[in-house]
Amino acid sequence: MNSERYATEFVLQENTRENQFNKIWTQDLTEVFADVAQYYDRANDVATLGLLNGLRKKFIAGIELHSGQKALDVCAGTNVIGIDLLTRQPDLQMFAVDRSSDMQRVGQERAKKRGLTIDSTISDVHQLPFPDNHFDIVTLQYASRHLRVLRSLKRFVGY
């Protein structure tokens, strides 16, 4: 399959996916995350039969961290990635962006209990409110199923 044909098929699939999930993404997710924020991490651990923490540790271990870097966790949820990164490198400037104020509220409480600071922004992650090249590290884990891929990549690939 040539790349142009693949790209065309990908765009068609993503447009179909966006049409099918639009109501869920724009309306339902906010309510769902508000309801599950307090137990979201435990539910994910159970759903993965206890494998999630090990996978996250491997993910975090694979990130090269240096003193004073700026890190952004996109679709940060309850800040588990930001907390893990700050645990490894306490002087990171850690930022989180998520559309759910309820998930971020839980994440902020958890970070503060550990004496950690994460700068939280509630925003549509498809239009990040930060300038290009502002961060040394950007993470996105597990949330790609909630993203509108074409909108997220539009400025990079020209669709």
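Residue 87 falls short on exactly one of the conditions (1) closer than 14 Å to residue 60 by Cβ; (2) surrounded by 15 or more Cβ atoms within 10 Å (Cβ to Cβ); (3) modelled with pLDDT of 90 or more, and that condition is (2).
Within segment 126-133, identify whether any single residue is over 20 Å from residue 65 (Cα atoms) and aromatic (Phe, Trp, Tyr), and answer yes or no. Yes, segment 126-133 contains at least one residue that is over 20 Å from residue 65 (Cα atoms) and aromatic (Phe, Trp, Tyr).
Quick grid of which residues meet (1) more than 26 Å from residue 31 (Cα to Cα); (2) of a type in the set (Ser, Thr, Tyr); (3) in contact with a strand residue (DSSP E or B) (Cβ under 9 Å, 6 or more places away or on another chain):
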residue	(1), (2), (3)
81	no, no, yes
85	yes, no, yes
89	yes, no, yes
100	no, yes, yes
109	no, no, no
131	yes, no, no
134	yes, no, yes
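Could you say whether any residue in segment 6-21 is hydroxyl-bearing (Ser, Thr, Tyr) and in contact with a Gly (Cβ under 7 Å, 6 or more places away or on another chain)? No, segment 6-21 contains no residue that is hydroxyl-bearing (Ser, Thr, Tyr) and in contact with a Gly (Cβ under 7 Å, 6 or more places away or on another chain).
Within the span defined as segment 72-87, every residue fails to be free of Cβ contacts under 8 Å to residues at least 24 places away in the same chain and closer than 17 Å to residue 136 by Cα. Out of 43, 7, 96, 34, I need the residue that is at pLDDT 95 or above and either surrounded by 20 or more Cβ atoms within 10 Å (Cβ to Cβ) or not in a loop (DSSP other than H, G, I, E, B) (or both). Which one? On inspection, the qualifying residue turns out to be 96. Mind checking whether some residue in segment 30-45 is among the charged types (D, E, K, R) and over 18 Å from the mean Cα position of the chain (by Cα)? Yes, segment 30-45 has at least one match.
The values are calculated or read from the model by the stated rules, or taken from the named source; none is laboratory data. Keep in mind that this is a model prediction, so the values were computed, not measured. Note that each Cβ is placed from the backbone with ideal geometry, even for glycine, and that neighbours are counted across all protein chains shown.
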